[in-house]
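Here's the structure, in structure tokens; my notes come after.
We did not get these values from a lab; they are worked out from the coordinates using the rules stated. Predicted, not measured: the structure shown is a model, and the values here were computed from it. All Cβ positions, even for glycine, are placed from backbone atoms using ideal geometry, and neighbour counts span all protein chains on display.
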Amino acid sequence: MENIYLRKDGRYEGRLSDGKNRKLRYFYGKTREEVQRKMQAFKDSQSYTRSGLTVKFLFEEWLEAASVRLKESTVANYIGKAVTHILPAFGSTKADELSPRQLRQFIADRLQSGLSSNYVADIVILLKSVMKYAAARYNIRNSIAEVVLPKRKKSQVQLLSKSQQIHLQHYLAENPCLTSAGVALSLFTGLRIGELCALKWSDIDLSKRTICVTKTIQRIRTDCGTKLIITEPKSNSSVREIPIPDCIFGIFKRFSADNDCYFLSASPKPIEPRVMQYRFQKLLKKGNLPSIHFHALRHMFATNCVEMGFDVKSLSEILGHSGVEITLNRYVHSSMERKKRFMKKLTFAA
């Protein structure tokens, strides 16, 4: 029988035994339905296991189980986020005592410290994955499942203007070197910096005029510091074959090397992405151009292709995206000049 009463003060009161020492617990609400929800939530909570396992223990166990299906770089990324943010805040906390309020305060603190909302959201998603595992493996109550992630903001990538891009192209042509060749290659094919650094001459087929992207290179954190790794690209769709544009085909004849050599170094030893990024910044400074991130070359390639009439499906495959939505939403930028040009086409009917 339902043990809910209407009090003299107009509120509803419900009573339940906690099931342990037979003490009554009281629940209050403005309506009978509100009290019913609170009582049901309490009943549900009593069915979960009080394991006493800490977030640190569960993270380590979850990571060990998940690492068999994750890339080495992804594992390193998760460890970095856990060691820097999650474990200092919650490592010693018992998982069944982790509250939504604690997590919301954690989010607020990290945002206030200057971390981007996108990065904080990634941290929280990682913690939620660990708690989801704990709920399934140990029947621990996942009280943070419904905590709302911070709203992601679309990052604005600074690009060069059309005149600046033309200036860059002239500078690359007038100052031929392997760094200039690498910049031109990314500007006209959309290669990621890791893919460019991992590119070998054996990946370049001059007879077919194609580039095969099969590897990427990056530096990851380890227990002993950092190390450089060469792995498969970001995703299955990132393994691709890209036609070489005529405008840069001459680069490959000028700087040709043995098949075992890397394109950027012309030697068996690769150049890592942070070195290429440094050289790119130096090149921009010498060319009297504003500082932009190397990844902006990929964005400019995508935008220029759309303006020239590329169909988005083909462009998406050249970029190595899993779907056209990523290509359109993240990599195609519209300038005010382009918007004005389209708006001028609008006319009143005759």
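Here is how the numbers come out for the structure above:
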{"quantity": "Relative frequency of Cα-Cα separations exceeding 22 Å in the stretch 55-138, percent", "calculated": "21 percent"}
{"quantity": "Cβ-placed point charges (K, R +1; D, E -1), dipole of the chain about Cα centre in debye, nearest 20", "calculated": "1340 debye"}
{"quantity": "Separation in nanometres of the label points that stand 7 Å from Cα toward Cβ, at ALA66 and VAL239", "calculated": "2.4 nm"}
{"quantity": "Degrees separating the helix 296-307 axis from the principal Cα axis of the chain, which is the longest one", "calculated": "80 degrees"}
{"quantity": "Part-to-part distance (alpha-carbon centres) for the stretch 92-122 and the stretch 243-270, which is given in Å", "calculated": "47 Å"}
{"quantity": "Most mobile listed residue (SER314, SER265, SER143) in the chain, GNM with C-alpha springs under 10 Å", "calculated": "SER314"}
{"quantity": "Expected-Rg normalisation [2.2 N^0.38 Å, Cα atoms] applied to the chain", "calculated": "1.37"}
{"quantity": "Amide H partners (placed H, <5 Å) of ARG25, local residues excluded", "calculated": "LEU16, SER17, ASP18"}
{"quantity": "Förster radius 45 Å - calculated FRET efficiency between PHE348 and ASN77, Cβ distance, rounded to 0.05", "calculated": "0.20"}
{"quantity": "CD proxy at 222 nm, helix term only [per DSSP H run n ≥ 4: -39500 (n - 2.57); per residue of the chain; nearest 500]", "calculated": "-13500 deg cm²/dmol"}
{"quantity": "Dipole of the stretch 162-339 [Lys/Arg +1, Asp/Glu -1 at C-beta], most positive-end residue of TYR278, ASN329, CYS305", "calculated": "TYR278"}
{"quantity": "Estimated FRET transfer efficiency when R0 is 41 angstrom, pair ILE230-LEU149 (beta carbons, to 0.05)", "calculated": "0.80"}
{"quantity": "Contour minus Cα-Cα distance for ARG221 and VAL275 (0.36 nm per residue)", "calculated": "17.8 nm"}
{"quantity": "Cross-link partners of LYS81 among lysines (Cα-Cα below 22 Å; sequence separation of 8 or more within a chain)", "calculated": "LYS56, LYS71, LYS94, LYS128, LYS132, LYS151, LYS153, LYS154, LYS227, LYS234"}
{"quantity": "Residues with amide H under 5 Å from that of THR54, placed H, sequence gap 5 or more", "calculated": "ALA95"}
{"quantity": "Distance between modelled label sites at ARG341 and LEU206, nm, 7 Å Cα→Cβ extension", "calculated": "3.6 nm"}
{"quantity": "Vicinal HN-Hα couplings computed from phi for the stretch 119-125 (Karplus, 6.51 cos²θ - 1.76 cosθ + 1.60; Hz; Gly/Pro x)", "calculated": "5, 5, 4, 5, 4, 5, 4"}
{"quantity": "Calculated FRET efficiency for the pair SER117/SER51, C-beta based, R₀ 25 Å, to 0.05", "calculated": "0.20"}
{"quantity": "Segment ASP246-SER163, length gained on full extension (0.36 nm per residue, minus Cα span)", "calculated": "27.7 nm"}
{"quantity": "Under 16 Å from the Cα of LYS162 - lysines, other chains or at least 8 residues apart", "calculated": "LYS339, LYS340"}
{"quantity": "Stokes-Einstein D (µm²/s) once Rh is taken as the Kirkwood radius of the stretch 114-245 over alpha-carbon pairs, at 10 °C in 1.306 mPa s", "calculated": "84 µm²/s"}
{"quantity": "Potential extension, ARG25-ASP109 segment - 0.36 nm per residue separation minus Cα distance", "calculated": "26.9 nm"}
{"quantity": "Packing-based exposure ordering (other Cβ within 10 Å, fewest first) of MET39, MET131", "calculated": "MET39, MET131"}
{"quantity": "Loop GluC sites (Glu not before Pro), the stretch 96-191 (other Cβ atoms within 10 Å of the site Cβ: 13 or fewer; DSSP)", "calculated": "GLU146"}
{"quantity": "Nearest 10 degrees, 0 to 90: helix 72-81 Cα axis against the chain principal axis", "calculated": "50 degrees"}
{"quantity": "Between helix 55-66 and the chain: long-axis angle, C-alpha atoms, 0 to 90°, nearest 10", "calculated": "50 degrees"}
{"quantity": "Net charge over other residues, Cβ less than 15 angstrom from the Cβ of GLY250 (K, R count +1; D, E count -1)", "calculated": "+1"}
{"quantity": "Contact order relative to length of the chain, as percent, for alpha carbon pairs under 8 angstrom and 6 or more apart", "calculated": "13 percent"}
{"quantity": "Separation of the LYS253 and SER92 label points, Cα + 7 Å toward Cβ, nm", "calculated": "6.9 nm"}
